[in-house]
Amino acid sequence: MMKPISPISRRFLLIGIALGAATPAMAQDVPNIAAAADLRVALTDVAAAFKRDTGQEVKLTFGSSGTFFQQIQQGAPFQLFLSADEQYAIDLAKAGKAVNAGKLYAIGRLAVVAPKGSPLTLDSNLVGLRSALARGQITRFAIANPDHAPYGERAREALQHVKLWQPLAGKIVMGENVSQALQFATAGGAQGGIVSYALVLDPAFAARASYKLLPATWHQPLRQRMVLMKGANATAQRFYAYVQQPAARRILVRYGFALPGER
């Protein structure tokens, strides 16, 4: 006659069954990664290449760097942060949230955009924007919010450089991040906007709008840095290293980013 299983033995039996049924994917949590909105297309491609090359996955969340900075300080469970402004990354390291000051992974650029049918004629010196403003044809012009989105801050600097910030007063519409600013600029009733060059190189963009690259000398450099959070798991650490490898760097270049040291 079999002896009944004790409560303690039953507990260890259930644990053993659960562990035996666990898959490698379950045993290794998929890390949450916070990434600046300008990386929405490029980093999605990088993550796909990473999965193809390693068999591992990451979960990407895109938004404004300043918002992520605040969330991580308050304990948001991100394991890696790719910022569009290196200072946010450096400050997290100083605050003891990151392993170290991380790596500069890219230099971003700005582009002026206009949807199909816009009265705004695009050019790299914003002469068309100035003319359309003088004709009263610009009622809404989109950028990311300069208070927490680095691309919005740089867009404001570019407009100030050509003395168009004040003439656009009352006409600026601000996205929470640069990806939302692009939506506003091309599908929100705006005549145009200034956004990330990387986002307009998405093949889907050409069907609904056009763009011109703006001079990098019009604003402070968009030095983009990434940092690993303390406690980051092995997959997050591997992805951090992967972004620095040739396969990932080729993808970043394809989407208009300059690489550190190649400005």
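Please treat every number below as a calculation from the coordinates, not as lab data. Please read these numbers as outputs of a predicted model, since none were measured by experiment. Neighbour counts run over all protein chains shown; Cβ positions are idealised from the backbone, glycine included.
Computed over the alpha-carbon atoms, the chain gives an Rg to Rh ratio of 1.13, Rh here being the Kirkwood radius from the mean inverse distance. Taking other Cβ atoms within 10 Å as a rough exposure proxy, VAL227, VAL41, VAL127, VAL30 sort from fewest to most as VAL127, VAL30, VAL41, VAL227. In the chain, helices alone account for a calculated mean residue ellipticity at 222 nm of -11500 deg cm²/dmol, with every DSSP H run of four or more residues adding -39,500 (n - 2.57). Among the listed pairs LYS103/LYS171; LYS51/LYS230; LYS59/LYS212; LYS51/LYS212, give every one whose C-alpha distance is greater than 27 Å. Beyond 27 Å between Cα atoms: LYS103/LYS171; LYS59/LYS212; LYS51/LYS212. The residues neighbouring ALA36, those whose beta-carbon lies less than 14 Å from its own, together hold a net charge of 0 under the Lys/Arg +1, Asp/Glu -1 convention. For segment 146-189, trypsin sites (Lys or Arg not before Pro) meeting the loop criterion (DSSP other than H, G, I, E, B) and having at most 11 other Cβ atoms within 10 Å: LYS163. Against the longest principal axis of the chain, how steep is helix 150-161, in degrees 0 to 90 to the nearest 10, with axes from Cα atoms? Helix 150-161 and the main axis of the chain meet at about 10 degrees. Orientation-averaged projection of segment 108-218 equals 5.8 nm² [convex hull of Cα atoms, one quarter of hull surface area].
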